[in-house]
Amino acid sequence: MPAIAGPSSSPQKHVVGSRSESIGGVRSAEVNTSRKRKLRSDSAAEVSATVVLPVNSISTPMKWKSPRRCAVSIPKTSDEEIKEDSNEKLENPVISVCLEVKSKWNPKDDEQMKAVKEALHVSKAPSTVVCREDEQRRVFEFVKGCMEQKKAGSLYICGCPGTGKSLSMEKVRLQAEEWAKQAGLHCPETVSVNCTSLTKSTDIFSKILGNYESGKKANGSFSPLQQLQRLFSQKQQQSRSKMMLIIADEMDYLITRDRGVLHELFMLTTLPFSRCILIGVANAIDLADRFLPKLKSLNCKPLVVTFRAYSKDQILRILQERLVALPFVAFQSNALEICARKVSAASGDMRKALCVCRSALEILEIEVRGSIDQEPKGPVPECQVVKMDHMIAALSKTFKSPIVDTIQSLPQHQQIIVCSAAKAFRGSKKDRTIAELNKLYLEICKSSMITPAGITEFSNMCTVLNDQGILKLSHARDDKLKRVSLRVDEADITFALKEIRFFRNCLL
Amino acid sequence: MAATPSSKAKTFQSPNKTPTNMYRKSYLSPSSTSLTPQTPETLTPLRRSSRHVSRKIDLGNDPIDLPGRESIQEINLTPRKRTTDVVAETLTTPKTKKKKKIDVEASFSPISPNRSETITKKKKKKKRVYYNKVEFDETEFEIGDHVYVKRREDANSDEEEEDPEIEDCQICFKSDTNIIMIECDDCLGGFHLNCLKPPLTDVPKGDWICQFCVVHKPPPLQGKKLAKRTMREKLLSGDLWAARIEKLWKQEVVDGGCVYWIRARWYIIPEETVSGRQRHNLKRELYLTNDFADIEMECVLRHCFVKCPMEFSKASNDGDDVFLCEYEYDVHCHSFKRLAQLVDGDSDSDQEWNGGKEKEIDSDDEEESVCADSKSKRGLTGVNTKGRIFGVEKVGTKRIPEHVRCYKKNELEKAKATLLLATRPKSLPCRSKEMEEITAFIKGSILDDQCLGRCMYIHGVPGTGKTISVLSVMKNLKAEVEAGSVSPYCFVEINGLKLASPENIYSVIYEALSGHHVGWKKALLFLNERFAEGKRIGKENEKPCILLIDELDLLVTRNQSVLYNILDWPTKPNSRLVVLGIANTMDLPEKLLPRISSRMGIQRLCFGPYNHMQLQEIISTRLKGINAFEKTAIEFASRKVAAVSGDARRALEICRRAAEVADYRLKNNNKTAKSQLVIMADVEVAIQEMFQAPHIQVMKSVSKLSKIFLTAMVHELYKTGIAETSFDRVATTVSSLCLTHGEAFPGWDILLKIGCDLGECKIVLCEPGEKHRLQKLQLNFPSDDVAFALKDNKDFPWLANYL
């Protein structure tokens, strides 16, 4: 991994260094897998793609559930990593060197606050994409190879949201243009399309064509696709031999019912005189396998590059990289670390990590402002940075399941419904109709001498509970035949309603 | 836009023109008609447009240049006595309005230097008489008419200069009314048909462009050309203003005379909007603003005609003073709104004429409210006798004092009015924390110079004040923009329910930002350019944009691309877009694709259901000052609602209904009632009405035979325990019931019909009637409900035995 070792000359060297051993093991595993994958995807025609899948399955996004169950849902690898690291953490706590070097940060200063916020904003692209050097290099090598040999090729990039795919592609594009200039080749024409912004999926061909034939007369009788196909199947003059780099972001929006568009798009690269390098970007790992089975038989299956969800170290490094440009220190290093750990355990989504940091910053801002308002003369704590407790507050705001609070703040009748639902689904039965649930509800009401609400009111309340994510209503023509199922854990309900004495008997 | 009127022939012999000529002359007669060259006016248009851009500067400049101008005014325009007779026989009625909510706005008026002065001056005045139609200088002005209004700054030059009533031909520089004139579609110049080379005999169809515009050369100028610009030219170059008359009234002045005033609603030309003139703007296009001013009749020059696109395309033969207005322009939010119908309908809805009982109204307190903020520069229009400056009231704060209304409301009626859902509350209790959070979020995003794009998702059950909180935050922000502490921004509000399809949101957003309606595909392209690539729509769209989408969950399409695009824009650099989404569903982000929820960020705000304390506070703040409810009654209503849904709308509805019930009760037994308050019993009745299911009321009111039929069904159900029964069996039971209790058995045919009728009401589920005896029947509601409905029946007390 030379690429990773490279940027460690940056000020947070010590952070990486101190834990190099522990990370080393994980890293080497990563290297191995990625190498293996490369080998396979190079010979993709023979090796079934299903073998690749298990390696990546860790990075599939998962739903965040109630906090009490999060320990179970942490992926295995990161679980081990955390344990390993936290042990080491206790032995030699990291003391940031940069804290001494850099000037003090004053959160009361609007300018400085603004600078920090800007540095943490999603829209601000960092000048260098750290932690994605390997993937970038592979994509770039692919593009370079295609351009050198003047042959067409296709590449598919997949990965979870917020793992820097689009950002890296932008960098690769610039890199490729730079390289072409230096190598004396024709600068490739690039078409970057975000497929969500297309009004119709076939529009992508006219977009490609429009870029390719700028100035040339449009051929009215053929569709843009046919024109492109003709263009690439005939031998062309030397002047038109420019390569074309097509980057299709969010490619799965091109999936039509018959998969025609996606198929034709990839088929363009197989035409004899095709000059396009196609890079598709999407979330699904197996998009190419699922939707393009024909390509495999034609031996032109796209190369797959996977952007894995960020690990905690990567998130930490990216956050530090963003903050290193600032002339002051705004975050305590272990605050950043806990953010990185939590986010990587949940989804590895960089956007989320940035949001959490920002909200921690806002919590600090409110705190500082409050302290100014309260005691203007009082002693001001000298070092006000975002500390652990701010970060923990922000994290809990983000990841905490609000279910218990929601149930506790429900109106009483809705609580009775939730209670009766919890009772109804205690057995093996998974769903019931509204009428059945109503019967249970009436029973509880009767036993506790409460006037029950009517059936229409009842189904209204069920809809509200559905909106709040507590019940799940299926669609049905008749109100009473709608099937109800519980969407929260029964344990949550009992925990939430335990506090209220009224329900203690009902739930037994 | 493509279907705009082509070449408009200007036939000046048309009869509708002549009266204008006449009054025009008579208007000009008192003033000296010396042809002094016009003063250079490069400064004025700038000043005027700058009002929208930076209010602060304007306010600062105000006192400096005012006195000078006023003195000029006074010298030049000593009060001229006009012969103004009023068309009084039909319409000299005082103008009142429906009670319009007096908004929170009163506190927002920015500090204007001359405010106190105006108020004191105004206090001296006594009488105001409102008219619907006024004859002034032999011309009738009616409410809803469009007029040219003098700009104050160049008032003197206007006075001395003769405005050419009839446009000159651009070639022969004569105005001959007998020859047909044709208008160039590019420069709007008029040409006599026979002056053209080669001369035309007819007005050609389609666009016609004059010879000068073809070669892009301005037509030759003659000496008098500059001095004799038509009003249309002046208006379009910003030297005149167009306005719509909203109110007309006569006011007595201290020295005995009386002055006619109008309330004008301004039109602006495209150059004055935030996006400037764009390619799609027609030459004669104007925008209606929400900016009002009170001006004197003296500054009104004459009529012009502002038409909606439909009428405009027909009005190819109406002369030079025809303008097109398709959009309303919000001068505060800098957004455009398409006018549904320009013709009168929109503003008259809140005005109501009240039979001629009172003609003169003492309206001191109204004046105060009107001149509460005199921030607008347009308040400085035209001739103001004695240099008095009248302020401009805000939109939606037309205030008519209570005592103007002929009918005095009693406490209960007042309570009913304030409890209406349509009535905006003066303050929003119990939501201050959420509002603070929203304010902090918006300010945090737009206060920075660079404006980082962000999203916020607001969720909560219905009736918990989500939308109203956001709107009131925006209103507060608007006030701060006017005060200058917040930089201006665009605000676009969209309700997902009002969109024909989710994709339409693109064209709605684009229309609001640019005032140009395009299809959604094109709009998406433009918006992508604007937000993703950072291009600008207009000339100066540097402002941050706040997008409020109500009912966000309705934008979820099958592949969710609409939401993706909208939530992706804030993550782009230079987008300067802040998105606020409101929906009921708590877990909408989790239901969406992960890539969308990743872009949505983590900013959430939950509006929980109100508890009974909060509901009680909401109702009692609404009813502040009105003594109509017993305290326990309010508490009872709020407790009932809080137990079921916590919906504030419902609590208000119950209280309003209870007030109606109490009103009815008090009217019926006027003597016996001890207090005039709404008591618990009324609330109880209202709650019964609201919460009781409609089917019970239907069952209570069905015919006698149907009741017996239903009883038989319930009885059958009890006997067999099977929900489904056949008509055969029910009929047998009915006949036995009838026999035992001495009722006449109606016969099978009628019974069958009754069964079908009950099936129609969906009280009973039944098969179609042709099966006769084998028809299967089933109660649609639980038998308890039927029993409850039929138990205390006066006609058949024996029914209860079988239930």
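The values are calculated or read from the model by the stated rules, or taken from the named source; none is laboratory data. A quick note: this is a predicted structure, and the numbers were derived from the prediction, not measured. Quick reminder, even Gly has a Cβ in these numbers, built from the backbone with ideal geometry, and neighbours come from all protein chains shown.
Could you grab me the full set of residues in the stretch A:398-422 that are in a helix (DSSP H, G or I), within 8 Å of another protein chain (Cβ to nearest Cβ) and within 30 Å of A:Ile338 (Cα to Cα)?
Result: A:Thr398, A:Thr406.
Let me spell it out: the conditions are (1) under 25 Å from the mean Cα position of the chain (by Cα); (2) modelled with pLDDT of 90 or more, and B:Tyr457 meets all of them except one. Which number is the exception?
(1)
Among the residues of the stretch B:575-585, how many are in contact with a Phe, Trp or Tyr (Cβ under 9 Å, 6 or more places away or on another chain) and either free of Cβ contacts under 8 Å to residues at least 40 places away in the same chain or at the interface with chain A (Cβ under 8 Å from one of its Cβ atoms) (or both)?
1
Go through (1) of a type in the set (D, E, K, R); (2) in a loop (DSSP other than H, G, I, E, B); (3) assigned by the TED database to the domain that holds A:Leu323 for A:Arg426 and report which single condition fails.
Unmet for A:Arg426, out of (1) of a type in the set (D, E, K, R); (2) in a loop (DSSP other than H, G, I, E, B); (3) assigned by the TED database to the domain that holds A:Leu323: (3).
For the stretch A:348-369, enumerate the residues that are within 8 Å of another protein chain (Cβ to nearest Cβ), among the acidic types (Asp, Glu) and within 16 Å of A:Gln332 (Cα to Cα).
Across the stretch A:348-369, the qualifying residue is only A:Glu362.
So, restricting to helices (runs of 4 or more DSSP H) that lie completely within the stretch B:678-766, which ones have at least 3 residues that are within 14 Å of chain A (Cβ to nearest Cβ)?
B:680-691, B:694-700
Which condition breaks for B:Glu617 when tested against (1) away from chain A (no Cβ under 11 Å); (2) buried (at least 23 other Cβ atoms within 10 Å of the Cβ); (3) not in a strand (DSSP E or B)?
Among (1) away from chain A (no Cβ under 11 Å); (2) buried (at least 23 other Cβ atoms within 10 Å of the Cβ); (3) not in a strand (DSSP E or B), the lone unmet condition for B:Glu617 is (2).
Could you grab me the full set of residues in the stretch B:598-609 that are in contact with a helix residue (DSSP H, G or I) (Cβ under 6 Å, 6 or more places away or on another chain) and part of a loop (DSSP other than H, G, I, E, B)?
B:Gly601, B:Ile602
Which residue is surrounded by the fewest Cβ atoms within 10 Å (Cβ to Cβ), if the candidates are limited to the stretch A:125-144 and must be free of Cβ contacts under 8 Å to residues at least 40 places away in the same chain and either within 20 Å of the chain's Cα centre (by Cα) or over 28 Å from A:Cys355 (Cα atoms) (or both)?
Ranking the qualifying residues of the stretch A:125-144, first place goes to A:Glu141.
Can you name the number of the only condition in (1) surrounded by 17 or more Cβ atoms within 10 Å (Cβ to Cβ); (2) within 13 Å of B:Ile546 (Cβ to Cβ); (3) away from chain A (no Cβ under 11 Å) that B:Ser487 fails?
Looking at each condition in turn, B:Ser487 falls short on (1).
Return the only residue of B:Lys543, B:Lys521, B:Lys498, B:Lys478 being surrounded by fewer than 22 Cβ atoms within 10 Å (Cβ to Cβ), modelled with pLDDT under 85 and basic (Lys, Arg).
Of the residues listed, the single one that is surrounded by fewer than 22 Cβ atoms within 10 Å (Cβ to Cβ), modelled with pLDDT under 85 and basic (Lys, Arg) is B:Lys543.
Determine which single condition B:Ile438 fails, assuming it passes every other condition in (1) in contact (Cβ under 8 Å) with a residue 12 or more places away in the chain; (2) within 9 Å of another protein chain (Cβ to nearest Cβ); (3) part of a helix (DSSP H, G or I).
(2)
Could you please tell me which pairs satisfy a Cβ distance under 6 Å, a separation of 6+ or placement on different chains, a first residue in the stretch B:586-610 that is facing chain A (nearest Cβ under 8 Å) and in contact (Cβ under 8 Å) with a residue 24 or more places away in the chain, and a second residue that is part of a loop (DSSP other than H, G, I, E, B) and aliphatic (A, V, I, L, M)?
B:Pro609/B:Val461
Checking B:Asp792 against (1) of a type in the set (D, E, K, R); (2) at pLDDT 85 or above; (3) not in a helix (DSSP H, G or I): exactly one of these is not met. Which one?
Of everything listed in (1) of a type in the set (D, E, K, R); (2) at pLDDT 85 or above; (3) not in a helix (DSSP H, G or I), B:Asp792 misses just condition (2).
Do the conditions hold for B:Gln251, that is, is it in contact with a strand residue (DSSP E or B) (Cβ under 7 Å, 6 or more places away or on another chain) and either modelled with pLDDT of 75 or more or in a loop (DSSP other than H, G, I, E, B) (or both)?
Taking the combined requirement at face value, the residue satisfies it.
I need a count of the residues in the stretch B:767-779 that are in contact (Cβ under 8 Å) with a residue 40 or more places away in the chain and outside any helix (DSSP H, G or I).
5
So that you can scan it fast, the table gives a plain yes or no per residue for (1) within 27 Å of B:Ile696 (Cβ to Cβ); (2) under 35 Å from the mean Cα position of the chain (by Cα):
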{"residue": "A:Ile416", "(1), (2)": "yes, no"}
{"residue": "A:Leu437", "(1), (2)": "yes, no"}
{"residue": "A:Leu440", "(1), (2)": "yes, no"}
{"residue": "A:Ser447", "(1), (2)": "yes, no"}
{"residue": "A:Ser459", "(1), (2)": "yes, no"}
{"residue": "A:Asn466", "(1), (2)": "yes, yes"}
{"residue": "A:Ile470", "(1), (2)": "no, yes"}
{"residue": "A:Arg487", "(1), (2)": "no, yes"}
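Hey, can you tell me all the residues within the stretch A:451-462 that are facing another protein chain (nearest Cβ under 9 Å) and in a helix (DSSP H, G or I)?
A:Ile455, A:Thr456, A:Glu457, A:Asn460, A:Met461
May I ask you to say which residue of B:Ala744, B:Ala723, B:Ala787 is within 30 Å of B:Arg639 (Cβ to Cβ) and among the aliphatic types (A, V, I, L, M)?
On the way: B:Ala744 fails: within 30 Å of B:Arg639 (Cβ to Cβ); B:Ala723 fails: within 30 Å of B:Arg639 (Cβ to Cβ).
Answer to the check: B:Ala787.
Looking at the stretch B:549-556, can you tell me whether even one residue there is buried (at least 20 other Cβ atoms within 10 Å of the Cβ) and over 26 Å from B:Glu511 (Cβ atoms)?
No, the stretch B:549-556 contains no residue that is buried (at least 20 other Cβ atoms within 10 Å of the Cβ) and over 26 Å from B:Glu511 (Cβ atoms).
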